[in-house]
1. Any residue that is surrounded by 20 or more Cβ atoms within 10 Å (Cβ to Cβ), closer than 27 Å to Leu46 by Cβ and either at pLDDT below 95 or among the aromatic types (Phe, Trp, Tyr) (or both) - is there at least one of those in the stretch 104-118?
2. Scan the stretch 36-65 for residues that are of a type in the set (Phe, Trp, Tyr) and either farther than 27 Å from Tyr78 by Cα or assigned to a strand (DSSP E or B) (or both) and jot them down.
3. Would you pick out the residues in the stretch 133-168 that are assigned to a strand (DSSP E or B) and either free of Cβ contacts under 8 Å to residues at least 24 places away in the same chain or over 25 Å from Phe67 (Cβ atoms) (or both)?
4. Criterion first (surrounded by 13 or more Cβ atoms within 10 Å (Cβ to Cβ), modelled with pLDDT of 70 or more and farther than 30 Å from Asn81 by Cα) does Phe41 satisfy it?
5. Conditions first: (1) in contact (Cβ under 8 Å) with a residue 24 or more places away in the chain; (2) assigned to a helix (DSSP H, G or I). Val90 passes all but one, so which condition is the exception?
6. From the set of residues in the stretch 33-88 that are under 14 Å from the mean Cα position of the chain (by Cα) and among the polar types (S, T, N, Q), which is farthest from Thr135 (Cα to Cα)?
7. Could you check the stretch 93-106 and list, in sequence order, the residues that are in a strand (DSSP E or B) and in contact (Cβ under 8 Å) with a residue 12 or more places away in the chain?
Amino acid sequence: MQRLLFAIATTCLLFSGFLLAPAVQADEDSEHKLRFDSLGFEIQPLVFDTDESVTAIMMFLPPRGGFAANVNVQTQYYAGNMNSYIDQSVQEIERMGWTIDTVINTGSSATIEYHGKSGGRDLYWYARVLSQGKTFYLVTATGLASRWEQDKDQLIESVDSFSLIDSE
């Protein structure tokens, strides 16, 4: 069962990421912990410095219908601006044969909602993109299309709560 969940999570992760030229910087002196009050624990995040795509965190709801709806945060290096990032993302989504429901691009952030088949499942995605310099942050919720109405409020609230920390 764990291997199945890992395979599903990996598939969703691969299909949730739009661009593959990322980078991340981490503060090695960080004493902050991720805190999960409702689950009764906190944990020190991993510290890394890389020029590769990094999934900083993945969170899962309990599995329903053989799939665990999830939210993940990726950091990606991209030399272009938000407009070109979104243009390329839309092209990739369409190339995968998925349907775009909405794209809202403010220039400093963007939201894309889309749906389609992945791994034999009908899925729905809600993605938010923010950038700081040449680092783009892709925060994506993925859920079964058949359960989207039940799960969307919690998933979207999580995605929309993401914020950047001042780098100064």
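1. Checking the stretch 104-118: not a single residue is surrounded by 20 or more Cβ atoms within 10 Å (Cβ to Cβ), closer than 27 Å to Leu46 by Cβ and either at pLDDT below 95 or among the aromatic types (Phe, Trp, Tyr) (or both).
2. If the condition is that a residue be of a type in the set (Phe, Trp, Tyr) and either farther than 27 Å from Tyr78 by Cα or assigned to a strand (DSSP E or B) (or both), then Phe36, Phe41, Phe60 are the ones that fit.
3. Correct list: Thr135, Phe136.
4. no
5. Unmet for Val90, out of (1) in contact (Cβ under 8 Å) with a residue 24 or more places away in the chain; (2) assigned to a helix (DSSP H, G or I): (1).
6. Going through the qualifying residues, I end up with Asn70.
7. Hits for the stretch 93-106 are Thr99, Ile100, Asp101, Val103, Asn105.
The values are calculated or read from the model by the stated rules, or taken from the named source; none is laboratory data. What you are looking at is a predicted structure, and each value in this text was computed from that prediction instead of being measured. As a convention, Cβ positions derive from the backbone with ideal geometry for all residues, glycine included, and neighbour counts pool all protein chains shown.
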